[in-house]
Amino acid sequence: MKLTPRLKKSIENYKNNIILVEGKKDVQALNSSGFNKVHTIHKNSKSIRESLEDISKSINNDKVSILTDLDKKGNEFNKQ
């Protein structure tokens, strides 16, 4: 996918946000694209709520973006 200058600029606006994603592969993909504050919300031993509580301890006044998949787990998270 070729990124237009406008899309590249839009993406840059989110580089300093904390990004919450579902899985390890999502973290790897975003890290390789230059995003450094990426956290996984689905961890095998913890509920979504517990994961978010842990992550919230590291958030000061940072902006947060939530990226979920359009599947059962993503819909489950969105309901919470």
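The values are calculated or read from the model by the stated rules, or taken from the named source; none is laboratory data. Every value quoted in this text rests on a predicted model; they were computed, and no experiment measured them. So basically every Cβ, Gly included, is an ideal-geometry build from the backbone, and we count neighbours across all protein chains shown. Just the protein is used for accessible areas: all its heavy atoms, side chains included, with ligands, DNA and RNA removed. Shrake-Rupley method; radii C 1.70, N 1.55, O 1.52, S 1.80 Å.
Report, to the nearest whole %, how much of the accessible area of the chain belongs to carbon and sulfur atoms, 1.4 Å probe, protein only.
Working: 3070 of 6330 Å².
Exposed carbon and sulfur together represent 49 percent of the surface.
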Taking trypsin sites (Lys or Arg not before Pro) as exposed when DSSP calls them loop (any state but H, G, I, E, B) and at most 13 other Cβ atoms lie within 10 Å, what is the longest stretch of the chain free of them, the sites themselves excluded? 16-56
Order L20, L30 by their accessible area, 1.4 angstrom probe, all chains in place, largest first. L30, L20
Averaged per residue, what accessible area in Å² does the chain show with a 1.4 Å probe, protein chains only? 79
What would the Debye formula give as log10 I(q)/I(0) at q = 0.14, 0.27, 0.28, 0.29 Å⁻¹ for the alpha-carbon point model of the range 1-68, no solvent? -0.45, -1.27, -1.33, -1.37
